[in-house]
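Here's the structure, in structure tokens; my notes come after.
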Amino acid sequence: MSLKTLPHVHIETFGCQMNESDSELVRSMLKREGFVFTEDRERADVVLVNTCAIRENAHNKIYAHLSELKAVKKQRLLVVGVLGCMAQNLKSDLADKEPIIDVLAGPDAYRQLPSLLTTAIEAQEQGLAQKGFALDLSEYETYEGILPDRDSGVNAWITVMRGCDNFCSFCVVPYTRGRERSRDPESILREARDAAARGFKQITLLGQNVNSYLHGEWDFAKLIRAVADQAGIERVRFTSPHPKDFPRALIEAIAAHPKVCNHIHLPLQAGSNRILELMGRTYTEAEYLALADRIRRTIPGVVLTTDIICGFCSESDEDFQATQRMVEQVQFDSAYIFKYSERKNTIAARKYTDDVPDQVKGQRVSKLVEIQRAITAERNRRHIGKDMEILVEGDATRSSSQGMGKTDGNITVVWDKSTGHPGPGTIVTKHIFDASAATLYGK
Ligand code: SAH
Ligand code: SF4
Ligand code: F3S
């Protein structure tokens, strides 16, 4: 490996959509400096791993991945860089624990990556063991002026705000991604127009707390309308919103604009007021129900999805039953259900005891998954007999004789290609004739 030959970089991304979006920024910044990207890890001089810290099993996945890389690094010169939330969370402890790591860079420090990697490559060529870290969080960094090097497909991610100021007591994100800051709306709109010109049909606006977007006169309702007004864009989505930032104007904007998808992911986390308070979620059970109800009445046919944590500190059977009741009452279209995982540095780790036995957490998760599965299947069956507009994404994962796309509500639809299969990015109408808990079947 030598800087006289162009260094080949392979990047693997774990975690949420914000990491996917950040990897596209990293690719863009490195390509500008002459790095070449390869899908083939065996040809790479640099392997970057963009990491997640949200639960212990996210960490474990990455440790497993790093130990695979150990074997590769033994065979040849290879620079290993760890990016993202786990790097930011564990800092130099991570590099001490995993000696194969040469470079650590947190979510606000990617502008330093080209120089960190160049230094690491040069050090290796000289047989030096030298580590480079860039782990400062910033109150301002929004990667202004960097156009992401996007993955192909029908969807373009656009990060509109970074960081989170909510400090939910269980959550590590405010520590890994720093303070909230919103991007200039003009640059967001330029990026949307550029994505449309490159053929992307769908835009997903991203932020850890996306609906708290605020830049001068621009709030999230105004932003989403303006993005949806850009020519060539067929659908606009957003994730993840917080229930505290849903003014009527936003719900009405989603209802009124034909291109803003009628899907809202509304993380509940827990159903009992006592646990919601300990979590620092700032809403009560009644307030959440009223919001879900307002959304359902204002946006007919809206798809509501959620996130739930089971077994948070001191969660009793009664608290869990309150969550169960909420799930039955709201009738979410689908839900991600997690076991509580204590994260270092968080308010919960400092102030409360992680006292629900792992086995009980597991039982609660299984119970909720079972309840939700039945609700999802029932809600999906309601679409049988309807003609629905589908944005075609490509082949189904299970079989290349089937096509796959998404409804406006983000539900997966598959069909036999023999019943008609236009290319990715087209909107087609399919007649739904069957449904399971995961998929609708159309023709
Ligand atoms: N910003 C988003 C959440 C991002 S993290 C929001 O406010 O909703 C995605 C989900 O992971 C969260 O909604 C939560 O359900 C889950 N999660 C976060 N921290 C967790 C932890 N310590 N243990 C288990 N699940 C957690
Ligand atoms: Fe985490 Fe809460 Fe911020 Fe979501 S709103 S990222 S759960 S602290
Ligand atoms: Fe994970 Fe960081 Fe996203 S912790 S969920 S990659 S913001």
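Of note:
- Directionally averaged projected area (convex hull, Cα atoms, the stretch 8-134), nm²: 6.8 nm²
- Order of S240, S21 - criterion: other Cβ atoms within 10 Å of each residue's Cβ, fewest first: S240, S21
- The share of Cα pairs per 10 Å bin across the stretch 129-247, counted from zero up to the longest distance, runs 13, 42, 31, 12, 2, 0 percent.
- By the rule of a C-alpha distance below 14 Å, with chain neighbours fewer than 8 residues away ignored, the aspartates and glutamates paired with K417 are E393, D395.
- Placing +1 on each Lys and Arg Cβ and -1 on each Asp and Glu Cβ, with no other charges, gives the stretch 10-71 a dipole about its Cα centre of roughly 100 debye.
- A simple rule links phi to the HN-Hα coupling: the Karplus curve 6.51 cos²θ - 1.76 cosθ + 1.60 with θ = phi - 60°, which for the stretch 161-171 gives 9, 10, x, 7, 9, 7, 6, 4, 5, 8, 9 Hz, with x for Gly and Pro.
- Qualifying aspartates and glutamates (Cα of each under 18 Å from Cα of K131; at least 8 residues distant if same chain): D45, D93, D96, E98, D102, E122
- With 5 Å bins from 0: P(r) over the stretch 387-442, alpha-carbon pairs, percent: 5, 23, 38, 27, 7, 0
- Formal net charge of residues neighbouring C313 (Cβ-Cβ distance under 9 Å; K, R +1; D, E -1): -3
- Shape summary: the stretch 197-276 maps onto an equivalent ellipsoid whose semi-axes, from the alpha-carbon gyration tensor, are 25, 14, 12 Å in decreasing order.
- Ignoring aspartates and glutamates fewer than eight residues from K259 along the same chain, the ones with Cα atoms less than 14 angstrom from its Cα are D229, E234, E389, D408.
- Model label points for Q363 and R382, set 7 angstrom from Cα along the Cα-to-Cβ axis, are 3.2 nm apart.
- According to the Cα-based calculation, Rg over Rh for the chain is 0.97, with Rh computed by the Kirkwood formula.
- Calculated [θ] (222 nm, deg cm²/dmol) that DSSP helices of n ≥ 4 give over the chain, each run adding -39,500 (n - 2.57): -11000 deg cm²/dmol
- Relative to the longest principal axis of the Cα atoms of the chain, the long axis of helix 285-298 makes an angle of roughly 80 degrees.
Values quoted throughout were computed directly from the atomic coordinates according to the rules given, and no laboratory measurement underlies them. Owing to the predicted nature of the structure, the values given are computational and were not obtained by experimental measurement. Neighbour counts run over all protein chains shown; Cβ positions are idealised from the backbone, glycine included.
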